[in-house]
Every structure is written in C-alpha cells, then in structure tokens.
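Notes for the one structure printed next.
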Amino acid sequence: QVQLVESGGGLVQAGDSLRLSCAASVSIRRSSKMAWYRQAPGKQRELVASITDRGTTDYANSVKGRFTISRDNAKNTVYLQMNSLKAEDTALYYCNGALSPSVFGPTSEYWGQGTQVTVSS
C-alpha cells in the first residue's frame, strides 16, 4: 500500500523558516513528478512547488525565491524548505506524487494527509 506521510509543520512567526518532509512508503525513484500543494481555509487547493525525476523544479509565483523543493530518492523523501514565511503562507500543506506499489506496476496519483503550517504576523 502506498502512503505519503508529511511532517514538519507548525506555528511560527513571520520571517521564520520551516522544512516540510514527505516520506513515501514506496520508492519515489520512478515518480515523474512529486509536488507540494496547500489549501488555506475557504480557498482552493493550489500547487506550491513540484520537482520532476530529472530534478526540474517549478514554483508558484507567490513562493518563488522563498521556497525550495528537493527530493532524496535514496530516502524516498521529498522536502519543502520554506524561508521568509508570511502570514499568507498559512495553510494545510499536502504532498502529492505519481507512485506505484510495485517496481514495474503502473503509477497512480497519491496524496498525503497534510501538515498544518501557521504563520503569525
């Protein structure tokens, strides 16, 4: 069974940093793209950052220059380093990826349960 487990969220002040982690229960090496999304109360879920299997990254305009996504295939983990946090970054952050429960099986999209990030101004 494929699971994505996020960690690292918390309550911080504006200007602080946090590093989120997303640990997968299966190999992420074959995943063509891993990503972080977030959803604030009353708003739609939005893409924050993504990283391909070749290391190509993409970011929402609102986080460019402040957030960095990375992946460690050996640890089956994806990270989101968040610096210079702002009150508007407050949201539930979700990990997302196309993964397979077996080495040669087809991939499906999976989501984690989310980790809360709250930034006080």
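The values are calculated or read from the model by the stated rules, or taken from the named source; none is laboratory data. Just so it is clear, the structure is predicted and the values come from calculations on it, not from any experiment. Ideal geometry is used to build each Cβ from the backbone, glycine not excepted, and the neighbour counts take in all protein chains shown. For the accessible areas, the whole protein counts, side chains as well, though only heavy atoms, and no ligand, DNA or RNA atoms are used. Shrake-Rupley method; radii C 1.70, N 1.55, O 1.52, S 1.80 Å.
Computed values, structure above
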read-out	value
Output for segment 93-121, where each listed residue is open to solvent by less than 50 Å² (accessible area, probe 1.4 Å) and either free of Cβ contacts under 8 Å to residues at least 12 places away in the same chain or not in a strand (DSSP E or B) (or both)	S100, G105, G112, G114
Per-region count, segment 63-103, residues of a type in the set (S, T, N, Q) and under 12 Å from the mean Cα position of the chain (by Cα)	5
